[in-house]
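Following: one structure in structure tokens, then a few remarks.
The values are calculated or read from the model by the stated rules, or taken from the named source; none is laboratory data. The structure displayed is predicted, hence computed values, not measured ones. Cβ coordinates were reconstructed from backbone atoms using ideal geometry, including for glycine residues, and neighbour counts include every protein chain displayed.
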Protein chains: 4
Amino acid sequence: MNNYQRRILQSGLRRRITVFFATVLLFLAASFASAQEGRLVREKVHGTSLEKTSTGESADRFVSIYLPPSYDTAPNKRYPVVYLLHGITGTDQDWTNAWRKGEAWQNLPDIMNRGIAEKRFGEMIIVMPDAKTNWGGSFYTNSTVTGNWEDFIFKDLVSYVDGKYRTLARATSRGLAGHSMGGYGAIKIGMKHPDVYSVIYGINPAVLDWGRDLTIENPSFRFLATNKITSPEEALKGGIYAIGAIVVAQAFSPNPEKPPLFIDLPFAVVDGKMQPAEPAFSKWQENMPVHMVEKYASNLRKLRGFRFDSGYEDEFTHIPPSARALSAALTARGIAHVFEEYNGDHRNRMMGRMGRLANEVLPYFWLLLDADK
Amino acid sequence: MNNYQRRILQSGLRRRITVFFATVLLFLAASFASAQEGRLVREKVHGTSLEKTSTGESADRFVSIYLPPSYDTAPNKRYPVVYLLHGITGTDQDWTNAWRKGEAWQNLPDIMNRGIAEKRFGEMIIVMPDAKTNWGGSFYTNSTVTGNWEDFIFKDLVSYVDGKYRTLARATSRGLAGHSMGGYGAIKIGMKHPDVYSVIYGINPAVLDWGRDLTIENPSFRFLATNKITSPEEALKGGIYAIGAIVVAQAFSPNPEKPPLFIDLPFAVVDGKMQPAEPAFSKWQENMPVHMVEKYASNLRKLRGFRFDSGYEDEFTHIPPSARALSAALTARGIAHVFEEYNGDHRNRMMGRMGRLANEVLPYFWLLLDADK
Amino acid sequence: MNNYQRRILQSGLRRRITVFFATVLLFLAASFASAQEGRLVREKVHGTSLEKTSTGESADRFVSIYLPPSYDTAPNKRYPVVYLLHGITGTDQDWTNAWRKGEAWQNLPDIMNRGIAEKRFGEMIIVMPDAKTNWGGSFYTNSTVTGNWEDFIFKDLVSYVDGKYRTLARATSRGLAGHSMGGYGAIKIGMKHPDVYSVIYGINPAVLDWGRDLTIENPSFRFLATNKITSPEEALKGGIYAIGAIVVAQAFSPNPEKPPLFIDLPFAVVDGKMQPAEPAFSKWQENMPVHMVEKYASNLRKLRGFRFDSGYEDEFTHIPPSARALSAALTARGIAHVFEEYNGDHRNRMMGRMGRLANEVLPYFWLLLDADK
Amino acid sequence: MNNYQRRILQSGLRRRITVFFATVLLFLAASFASAQEGRLVREKVHGTSLEKTSTGESADRFVSIYLPPSYDTAPNKRYPVVYLLHGITGTDQDWTNAWRKGEAWQNLPDIMNRGIAEKRFGEMIIVMPDAKTNWGGSFYTNSTVTGNWEDFIFKDLVSYVDGKYRTLARATSRGLAGHSMGGYGAIKIGMKHPDVYSVIYGINPAVLDWGRDLTIENPSFRFLATNKITSPEEALKGGIYAIGAIVVAQAFSPNPEKPPLFIDLPFAVVDGKMQPAEPAFSKWQENMPVHMVEKYASNLRKLRGFRFDSGYEDEFTHIPPSARALSAALTARGIAHVFEEYNGDHRNRMMGRMGRLANEVLPYFWLLLDADK
């Protein structure tokens, strides 16, 4: 190649040739890519953290795992992993069943397949554990009665997944998200274990702080304080909040000495009036992320990404103001985060082609997690 | 009186006579009452709690005292007392000067005179101390550099007033209110000393919690962290928030070893970035009432009345959300209180015939404080 | 009386004597006053405005009227009047029955008696009509199917009351208030008839504007659009909002040609999707006070007092944001008003010694209405 | 190929081969792509809609145009176009100058280059007109004094761009966005011309409705009503809102008979008090999008995408509540849209790698506009 040729290449030809090939290749790649789908497996993972519980939980938990399209054909490729935590009374299958039958973009595997095909985000492994306890939900918390769910999530499960699948087994390629109770779990476990997860997303996260439907004024607390409950069915007579209060108490203020619920309640009737009851009230508050920011501020600074959202028409009315309170507590300290309130409720904006999983949650992880790109 | 007469009286006559006399008497009383005005005195009160301060505060403080119309003519009558605390950079004369010249209902004595005459509330003594420090405000807090202002308010001043004036010297007849910094003071001192005051009203109370203009993002903190300030005039170059931050720091995170400001700041520049700085950050938070509710919950339950408000267009933008947060923290625990957000800003709804002092604050104290009625 | 005596009197003696007598008289008056109670009557008022309705409403309506303590004994005294409008599915007896059995301050007559005795406000006549239609509520609106309720309230009823009772029969002594649907009625009728009422108070007023639970997304609209309803019982299967939508439609978008509901609905299913349906949608909006401010701005300026409030935990979730929107629309134009959001829900702060009727609503009318004081 | 081979291919081999090639090709394409940058041109566009204005605007406007990386090397390729409108007192160069010097992702061309390279979105042409008038801003509105800016944007400019550049010249490939005053323009022009643009994004859009700093209470209105202003410099003495009010008035309530401002003001002093002044007040309101929804509802339904956002700490305090009001008005009618409030202010979250332009605005257009993908 002589000088003249060099100058030409330097002044544009090389660029044009490059672009020509790139265009051709991209076109071919896109054509092929649309044929690809990931694979969903469901298996049982033993949680040593969940053995011997007062409430008789199974320590062998279902886990649904989405493996991206190239997983079976690129045998040396490793992938970032996002752990996705379901809400109260749900299971891993909340994510894998279609929310609206017969429509596209209505469950996690379909969103992954389509989102990857449309290049909204790249190939990631998604891990969805089942954290439904016998009373309805673990709140992803270490409890002396329902098991050490925080440990199960960040230790047992991560260890199992990294051991069995071709993950990028490092925090910078590992994210944690969840919805409602799962959003709570993502935020709480995230702020405690930045060495395990580097990116956190809480979707409509519950129980970040007291407020609205989560105060002494919720009649479910009086119902629980004044009725003898022996089964979830009986609890439901006090409304869904009665079930909610029981599982939160089993997580935050467990009491192995008090069958069959094994809880201390945060409120009691004193002189005919509802009042906070210790130690449970303080234990609840200590487990609310707004009140954990101070303690875990330096951890939160280590995260690459911390994001959460709230539909301002959420029917669980404590969520919007407590999510704002979490943002305020973070902002006060200059802890970087993204918080969005949007026109929606607890569930109606998650799924779908224009939904937040496809457009906000998954692209956020793809943007911030290290992949073998 | 025969039976017939008795029946008549029982069936209405007695009532009519009673009403006739009552009407006559009320008419006469009202005629006289309109001629009456209270009396304003201003004197100096020595505060042993304020001696020997790093910032050279005077321990002899002006106090304006409103004595109600009958004070000089009813020599055995005793009165309930409301202590009224001014805001930052203000003095006792904030309350006694006319807010709008030439108009009625524009200062505290005029509001008292007119409100008593119109029977909106009854005769009370109002005590207005001067808590302006050399840098601009005490935040009514015990400080190792500006003096023990909380002690001055609830001990020295109460003792002086009860000793010199014909007060009803008991908590059930003693109230505490304030505006902005003074609203902060009323709420904080109120939740610590329910044995001294039984009714509390915070008007547009400041610094209840972090948020909006009270976070690390306020550029005044960077200004203070990166400039050597030696006088209030220099501080003002960083905006009014710079003065505010200094006096809050002198109250919450004082440091006698660091002239001339004698403060630790809650934020510092680390690696070019603003970050919380301990111990000051935690000390600030510990002094914010939203974070004090847990500790003083049982005190708060002892109050007869606890009320605060916020104009939702307040230019100090942390006030509305932090006032809501205080209400949420109280509601969570079932602590009775009244909280109102209203269409107004930091000052435009306080004074005037339709203002909140005349229609909300003073009637609230009159309703709840014991008087010799 | 010589000069010396004159000087003494001028310098204080006269004042002391005056005060002495006033004190004595007030004491006597207060002793008598506590013995007095008002009287409640309930009678039927014929509404020519309500004759010949499609829905078969009775044109003879119950009206409860509270006459203050002196009414029977001061035969020449005339009183200011406050009209008080009940909410949906309610009647005049919402105000007169005790909200909490066995407790004081739990209905309007008791609040009046006690409030007058405590001098929170003076003697007023309170008029409480029954505006419950056969489907559940009139929305105090002129309708071609349920009758001209606006006319009934501001013409028939006022004319009847002024004709029969010793009222101060002028706008400056006449106020209008209401709760929920009644708050809507008070605000709407108030902004249309400042020549009849000079002071307006809307308590948790409903349907001020679209929003939250009052949008196309409320499933009750789909229920109504897709089911044939022939009775209130059937409507209730679609939830209370289904009943609400029917009565609002009977008021705002009536259609005499369409038995048995006689309504046009504001939404219809088009291509399987809910969409606004004209003319009903526009008629609804035209009847929402936020959208009426522009038209009635000059009327609103004529009012002596315009106030409304909202508990920010109201379970009818459109109320808080639409009340804020009304305040914003008024503020934009400089129309004086008072708006407060408070810590409470749709009903829990109205009654009681510390409730808003006793402390906000009734004192507001007493303050602003002309009485023979 | 025999049947056996066919079965093998059908059962997996074909897929693996496909994936292998796709992977290779994608890798190659990605390597080349990173070398590419787009090109920025700035030229003048004549606006016949802007000729002969009272305020002497130039009808030849600067327009900055970003052409994506492949534009010069793929001579037959056509691209979707996004029009991007700047805010008050700004120009097209607001978008092209670096917001933070020396940092990446700090202007539109850099965000495009990097975003395309990272595959966050694909190649689009971005058109940024200069709409700064002599007084500071056009508000993208047809005005009898400053010119027909709406026409310039949707007719002259679109015609020019489609004529000169290789655009996909159809609504389904054309989007419109803007910030602040530009967000206003995007929403207003978007709801009027769905045949021209199919996707709309308003970033912190201003003047959607009255509220907070945009009411009669803003002292700038009194300043303008009581001072003779002859230049922008003089106007600025009344604060930035004075300039804002002038340009809004030149857009919404122009008056060619009134030099030098050529406006009617929406408020005037009457009897010493500020009051709405017609016809300007109504004209302003008619131009506010919240009040335009009813009229343009069917247009809004034609849009593929309608999205807007608001930083809830926006210093222009009418923006957050009026953006919520717009969402409520849309929701009431079932008009699909996305609205988000986020933790940020008027500008601090737009730029940057994690900013909203790169993560929300541009991917939204790429998702919804038709490209030759």
Some residue of region B:120-134 being out of contact with any His (no Cβ under 6 Å at 6 or more places or on another chain), in a helix (DSSP H, G or I) and surrounded by fewer than 20 Cβ atoms within 10 Å (Cβ to Cβ): no
Matching option when the condition is in a loop (DSSP other than H, G, I, E, B) and within 26 Å of B:ASN255 (Cβ to Cβ), among B:GLY182, B:GLY87: B:GLY87
Residues being within 20 Å of C:GLY244 (Cβ to Cβ) and without any contact (Cβ under 8 Å) to a residue 24 or more places away in the chain - total across region C:288-342: 1
Selection within region B:100-111 - out of contact with any Lys or Arg (no Cβ under 8 Å at 6 or more places or on another chain) and at negative phi: B:ARG100, B:LYS101, B:GLU103, B:ASN107, B:LEU108, B:PRO109, B:ASP110, B:ILE111
Selection status of C:TYR184, at pLDDT 95 or above, closer than 13 Å to C:SER49 by Cα and of a type in the set (Phe, Trp, Tyr): no
Filtered residue count, region A:105-119, keeping only those that are away from chain D (no Cβ under 14 Å), part of a loop (DSSP other than H, G, I, E, B) and of a type in the set (Asp, Glu): 0
Every pair of residues 6+ apart whose Cβ atoms lie under 8 Å, when the first sits in region D:270-284 and is closer than 15 Å to C:ALA297 by Cα and within 7 Å of chain C (Cβ to nearest Cβ) while the second is of a type in the set (Phe, Trp, Tyr) and surrounded by 16 or more Cβ atoms within 10 Å (Cβ to Cβ): D:MET274/D:PHE221; D:MET274/D:PHE267; D:GLN275/D:PHE267; D:PRO276/D:PHE267
Residue match in region D:352-361 (condition: more than 10 Å from every other protein chain (Cβ to nearest Cβ), part of a helix (DSSP H, G or I) and either at pLDDT 95 or above or closer than 30 Å to A:ARG304 by Cα (or both)): yes
B:PHE316 part of a loop (DSSP other than H, G, I, E, B), buried (at least 21 other Cβ atoms within 10 Å of the Cβ) and hydrophobic (A, V, I, L, M, F, W, C): yes
Any hit, region D:95-104, residues being under 30 Å from D:LEU236 (Cα atoms), modelled with pLDDT of 50 or more and either crowded, with 20+ Cβ neighbours inside 10 Å or within 14 Å of another protein chain (Cβ to nearest Cβ) (or both): yes
Some residue of region A:245-256 being more than 14 Å from every other protein chain (Cβ to nearest Cβ), without any contact (Cβ under 8 Å) to a residue 40 or more places away in the chain and assigned to a loop (DSSP other than H, G, I, E, B): yes
Index of the failed condition, C:GLU217 passing every other in (1) of a type outside the set (A, V, I, L, M, F, W, C); (2) in a loop (DSSP other than H, G, I, E, B); (3) more than 14 Å from every other protein chain (Cβ to nearest Cβ): (3)
All positions within region A:269-287 that are farther than 14 Å from B:GLU294 by Cα and of a type outside the set (D, E, K, R): A:VAL269, A:VAL270, A:GLY272, A:MET274, A:ASN287
Complete set of residues in region B:261-290 that are crowded, with 20+ Cβ neighbours inside 10 Å, assigned to a helix (DSSP H, G or I) and not aliphatic (A, V, I, L, M): B:PHE281, B:TRP284, B:GLN285, B:PRO289
Failed criterion for B:LEU208 (all others in (1) assigned to a loop (DSSP other than H, G, I, E, B); (2) within 11 Å of chain A (Cβ to nearest Cβ); (3) of a type in the set (A, V, I, L, M, F, W, C) hold): (2)
Subset of region C:32-74 (residues that are within 14 Å of another protein chain (Cβ to nearest Cβ), in a helix (DSSP H, G or I) and either touching a residue at least 40 places away in the same chain (Cβ under 8 Å) or within 30 Å of C:SER143 (Cα to Cα) (or both)): C:ALA33, C:PRO69, C:SER70, C:TYR71
D:TYR165 vs. criteria touching a strand residue (DSSP E or B) at 6+ places or on another chain (Cβ under 7 Å), surrounded by fewer than 24 Cβ atoms within 10 Å (Cβ to Cβ) and in contact (Cβ under 8 Å) with a residue 12 or more places away in the chain: yes
Of the criteria (1) in a loop (DSSP other than H, G, I, E, B); (2) crowded, with 18+ Cβ neighbours inside 10 Å; (3) within 8 Å of another protein chain (Cβ to nearest Cβ), which one C:GLU294 fails: (2)
Residue, farthest from the other protein chains (Cβ to nearest Cβ), within region B:300-348, restricted to residues that are within 30 Å of A:GLU278 (Cα to Cα), hydroxyl-bearing (Ser, Thr, Tyr) and in contact with a strand residue (DSSP E or B) (Cβ under 7 Å, 6 or more places away or on another chain): B:SER322
